[in-house]
Every structure is written in structure tokens, then in C-alpha cells.
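S.K.: Just passing along the structure, written as C-alpha cells.
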Amino acid sequence: MLRVTRRFVHALVLLLGVSAISFALLSAAPGNVFDELRLNPQISPEAVAALKAQFGVDLPWPTRYAHWLASVLRGEFGYSVSYRCRVGTLLWPRARNTLLLTALATILAWMIAVPWGIVEALHRGRWLDRLGGGITAILLAIPELVLVLLLLWLAARTRWFPTGGMFSLGSAELTISRKAWDLAQHLILPVLALALGTAPFLIRYVRSAISAVLDAPFLQSARGFGIGTARIVYRHALPAAANSLISLLGFSIGALLSTSLLIEVVLSWPGLGPLMLEAMLARDTCVVMAVVMLSAVFLVLGNLIADLLLYWSDPRIRAV
Amino acid sequence: MENRPPANGQAQPPVLLSVQGLSLEYARRHAFRAKRTETHALRDVSFDLREGETLALVGPSGSGKSSLAKCLVLLETPSTGRILYRGTDILQLPPEARREVRGEMHLIFQDASTALNPRWTVTEIVREPLTIHSKGLSSAESTRLVIEALEQVELGANWHARRPRELSGGQRQRVALARALMLRPKLLILDEALASLDLSAQGQLGNLLLELQQRYAMSYLYVTHDMRMASVLAHHFAVLDGGRIVPRTLPTELIAGTLQPVS
């Protein structure tokens, strides 16, 4: 319990540090959300000055940071000037959409990677390993954008699944089950693109982790007893490789909010990606800060979950 | 420890293991060359091991001793040759029958600190062969057998819940021995099994091996480069050099005339 509490305190300190540095860097960047208004001849300089005073843009950054922190504690995450609403209300539906997409893609990528990596490790140096290695090398070499465009082309040619968005036009009138089906169809393309982009990296990692364990003397010794392959993999190799795989899983969880930016933009998925892009272009500091902080929270959360899983899975860590 | 009395002069026990013309080659691929290099780890190795006897296989590092030990428990597949166990070539057996034979012959590695699953307790490690080879055994019965095996290697109850890293080198090797004893093997292959231990632990474990051999009429293939220990444990010896069994006499001052060259 003490270990968990200590990790939570570390996480809070880390998030505070990330938020302060991010806020300082964003403040140091030239220009702000009102600069474009000044170019508009219909808006007087006095009106712009009044708006700047209203939103405290000219205050020193520590003061603005303190205001921002107070609004985070209220769950508002500041005020978005370009969207004219509290960032919190803007953030949650977008984050939910992104999480739906990335969580499914991560689960799919791991479901592909673990058995594939194990099979490759068990057939090291043989044709199955070389074939698998070739496929993952090709997938790793294809840029994510090209992969999405290929899938988009496939979807457009075959019409097997929708090419963008989250729901079809008029889906609001559909029943819940039909709406869920519509959503599932819209998820296929982005989930596939994300999973195919992530899986090769995971496959390589799983293969190398399991290979290293299969060479361990204790597994050779177990094999000498006539232990079958299934037991070697599930009772010995996977638990022994679990530590590095759990750390990678933590990283996967941490990257949930940041991996899909490009795919969301290309496939018009209403997630955090397009929001972040628009906010950056509009210099909407509070929105950018909120997205950065949410990503940082996930990174910290991923590491925390990985730590707890390691603690649960490895008796040697519990004994320390 | 006492030197072993020579096995000759008594009625010859039947041959348990007969290795005939065993060769093993490792092929190595080169990154920029199509041609593969072949390393001959074993060349035409032949010897017999009789029931209840110990054959010391001595030789310098890289002579192929460990490769031979791995071939015998089917961790490596020899290129040519036969491994006859009680007259049956185990290389020709179907997987299920091979598994049965594997229950009767066990390999004990040099470094028990890496040969035991570091995440498991002593009890879990020792129990494992039973879960593979004696399915259907009740939990109480298997626990009784585990405790019995650990008692045989003189490892008290206070060590049963420990993990390998909490044990000394000698204790780890005892755990490896207890695990091997679980299925009442007929043949133990000791691949430098005492080499990583200090002299006192070597002596204790050597005595234990002699005692267990007498009690259960086990055969040992003792792979070593320690001729002094070989002279204590073995009835016969064979010298392996460059992957071949070579006719060679061991230094007399080390073996005190107790060992017989292998036929």
C-alpha cells in the first residue's frame, strides 16, 4: 500500500512539473490567439486590448499558470477562446472518442503481436520466422500515412467499410443496436490502420523477449525433462518474459492518446487529434495544454499500471 | 571421500546406455556469404554405460562434452549416430515414447543458479517433473513425494518456500538433484554439476551422489574436467577432445589406478 501511495505522489509531482514546463514553453512561443484579430480591420485595437485584458493574456506566465491550475482543480482546464467554452466540456467527448479508437487498436495489436511473436521465437531461423520477419519489416517500413491511404483506397474501391467519420449521416435517428453497428463499421478502418502501424513493433519486441527467455538455461533444463512446448511457453517463457512485456504494455497505455493524431486527422475521426491540430494553429493555449496534460496523465497512468502489474506478477519484486 | 572400487572382477551389469557413432554439426550462417560454415561438435562418438555404474567423460573446454550431454537428453539433434537406451534407439522413437524415456534420464547443469526457474519456489521446481510425467497424482501424494525428494538431498523444510536466489550454490544443486530424483531416473547426466561449488560443497554433494547411486542403482554420466573428482565418482572414464573420444591414459597420481578406460 505504501508503495502505491508513494508512486501516486511521484506521479502528481511529475504531472505538476510537466504542466509547469509545458505552460512556460507555450507562453514563451511568440504570438497568441488575439494576433489574428488585430489583422481584422473591423475589430478596433481597443477591442482587442480589452479582450486581452479580459483573458489575462498579458499577465506574467506564473500568474496565468496559477489561474490555469485553479481551473484544472475545478475540472474546467481553462477557457478556449476559439471555441468560446470551457476546455473541460470540449475535452471529454473528444478524449472518449480517441480512447475508444486507440484502446481497441491497442488490444488488437497486442492480440496479433503476442501469438505472432511467440510463433516466430519458437521457429527462430526457420522459414516461418523469416516470413514473419519479412512481413513485419515491410509494415515497419511503410509510413503510417501511406498505410492509412492504402486502406482508404481499399475501402473506397471495395466499399466494404466507411471511409471516414465516426457515424453515418442520419445515424441520430437509428436504434441503439443499429447505431452501435454503424459505429463498429466506422471503427474498422482507423482501428486497422492503427493496429497495423503498432503491431510490427510489438511483434519484434515479443519475439526478442521470448527468444531471450527460450535460450535461458532453466528452460533448456525444463526441456530436458520432456516438458511440452505449450507448457514451456505458458508456464515458463511468458511469465519470465512478462517483465519486459508489461513495461511495454505500460508504454502502450501511455501512448493511447498520442498515437492516433495523424489517423484521426486523415480519417476525420472526431477525437483529440483534430482538436489539438486546430488549437495549435489558432494558438489556443488552454486547449493545447489540456491535450498535453491528458497525454501526460496517460503516460504516468500507463507506467503506474505497469508497475502494479509487475508487482503483482513477479514474486521477486514483492520480496524486495 | 573414498575412491571407488573398480567395477571389474564382478558380474558385468547390463548396458543401460549405448552411444554409437554419434556426430553433431552446427551450421553457421554468414551475413554476407551464401556458404554456411559447419562446426563439428561431435565426431563418431561411441561408448557404453552399464547399469549402476559411473562413466566420467573428461576433456578440456570446447571438447564437445556439453554438446554430447545435450544430445543424450534430446536437447540437440545429432547429425548421425544412435543413442540406444536399454537397446532402443531413442532418436527413432515417436514423441510420446521419447517423453517416457526422458522421465528416466535427467541432465543436471553446471550452474544451478540459472538452471532453476528464478520465479518459482523450491517446492514448485521440484514438483514440476511430476506434473509432466505423473498426471493424475493427487496433490497430497505429490507433496509427499516432493518432501521425500528434498529430504533425500538433505534440504530441510525451512528451505521449501524459498526461491533459487535465496539459496547457496550447493543448496541450488541439491534442489536440481531433488528435481531429477522425483521420477526415480535410471540415468543422471551431470554436466559439470559440481564445478561451480566450493570444495566442501563438492565433497558433500559427491558423497550424496554415491549414496543415492548405491540406494537406487542409478547410472551417472559425469561430464567434467576435474579429474580428481572423476576418480572419486567414476568406474570408467573416457576422454573427449575435439569432439572425438581419444585413447588416452589419465595421470596416475590423480586416479590412483582406480579408473578403467571405457570399452
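Read the figures in this text as sums done on the coordinates, not as results from a lab. Note that the structure is a prediction, hence the values are computed from the model and not measured. Cβ: placed from backbone, ideal geometry, glycine included. Neighbour counts: every protein chain shown.
S.K.: Can you give me the Cα centroid spacing of the stretch A:197-227 and the stretch B:107-171 in angstrom?
M.R.: Answer, in whole Å: 23.
S.K.: When the helix-only estimate is applied to chain A (DSSP H runs of n ≥ 4, each -39,500 (n - 2.57), divided by the residue count), what is the mean residue ellipticity at 222 nm, nearest 500 deg cm²/dmol?
M.R.: Working: 14 runs with 236 residues, N = 320.
One gets -24500 deg cm²/dmol as the mean residue ellipticity at 222 nm.
S.K.: Could you work out, residue by residue across A:213-221, how many beta carbons of other chains sit within 10 Å of that residue's beta carbon, and then give the average as an integer?
M.R.: Values: counts 0, 0, 0, 4, 8, 14, 3, 7, 15.
The shielding value for this peptide is 6.
S.K.: Give the long-range amide H neighbours of B:ASP111: residues separated by 5 or more places, or on another chain, with amide H under 5 Å away, using H modelled in the peptide plane at 1.01 Å from N.
M.R.: none
S.K.: Something else now. Give me the inter-chain shielding for B:175-182: mean count of other chain Cβ atoms within 10 Å, whole number please. Provide the component values of the computation, followed by the final result.
M.R.: Details: counts 0, 2, 0, 0, 3, 3, 0, 1.
Mean partner shielding for this stretch: 1.
S.K.: Using unit Cβ charges (K, R positive; D, E negative) and no other charged atoms, how large, in debye to the nearest 20, is the dipole of chain A about its Cα centre? Each step should come with its number before you reach the end.
M.R.: Details: 26 positive and 16 negative charges, 204 e Å.
In debye, rounded to 20, chain A gives about 980.
S.K.: Mind pulling the angle between the C-alpha long axis of helix A:176-214 and the longest principal axis of chain A? Nearest 10 degrees, somewhere in 0 to 90.
M.R.: Long axis of A:176-214 versus the principal axis of chain A: about 50 degrees.
S.K.: Continuing with the same structure: How big is chain A in terms of Cα radius of gyration and Dmax, in angstroms?
M.R.: Computed over the Cα atoms of chain A, radius of gyration and Dmax are 24.1, 86 Å.
S.K.: Continuing with the same structure: Name the residue, out of A:LEU169, A:LEU69, A:LEU219, whose mean-square fluctuation peaks in a Gaussian network model built on chain A with Cα pairs under 10 Å.
M.R.: Maximum among the listed residues: A:LEU169.
S.K.: To continue, here is another question. Can you find, among B:GLY203, A:ASN40, A:HIS67, the residue farthest towards the positive end of the dipole of the protein assembly as shown? Put +1 on the C-beta of Lys and Arg, -1 on that of Asp and Glu.
M.R.: Of the options given, the answer is A:ASN40.
S.K.: Along the charge dipole of the stretch A:178-320, pointing to its positive end and built from +1/-1 on Cβ of Lys, Arg, Asp and Glu, which listed residue (A:TRP181, A:GLY228, A:ILE317) has its Cα farthest out?
M.R.: Selected residue: A:GLY228.
S.K.: Still on this structure, please answer the following. According to a simple spin-label model (label point 7 Å from Cα along Cα-to-Cβ), what is the distance in nm between A:GLN54 and A:ALA103?
M.R.: Once both label points are built, they end up 3.8 nm from each other.
S.K.: For a quick protection proxy, order the peptides A:195-204, B:65-74, A:81-90 by their average other-Cβ count within 10 Å, most packed first. Intermediate values should be presented prior to the final figure.
M.R.: On the way: A:195-204: 21.8, B:65-74: 23.3, A:81-90: 17.0.
The packing order, highest mean first, is B:65-74, A:195-204, A:81-90.
S.K.: Sticking with this structure for a sec: For the stretch A:254-320 and the stretch A:66-130, compute the distance between their C-alpha centroids and round to whole Å.
M.R.: That distance is 5 Å.
S.K.: Apply the Karplus curve 6.51 cos²θ - 1.76 cosθ + 1.60, θ = phi - 60°, to the phi angles in the stretch A:126-138 and return the couplings in whole Hz, x for Gly and Pro.
M.R.: Each residue's phi maps through the Karplus curve to give 9, 4, 5, 5, 5, 5, x, x, x, 4, 5, 5, 5 Hz.
S.K.: If you scale each eigenvalue of the Cα gyration tensor by 5 and take the root, what three semi-axes come out for the protein assembly as shown, rounded to whole angstrom and sorted largest first? Working shown, then result.
M.R.: Numbers: eigenvalues 900, 143, 88 Å².
Rounded to whole Å, the semi-axes are 67, 27, 21.
S.K.: Going by average Cβ density within 10 Å per residue, which order do the peptides B:171-179, A:123-131, A:269-277 take, highest to lowest?
M.R.: Working: B:171-179: 24.9, A:123-131: 12.4, A:269-277: 22.9.
Highest mean packing first, the order is B:171-179, A:269-277, A:123-131.
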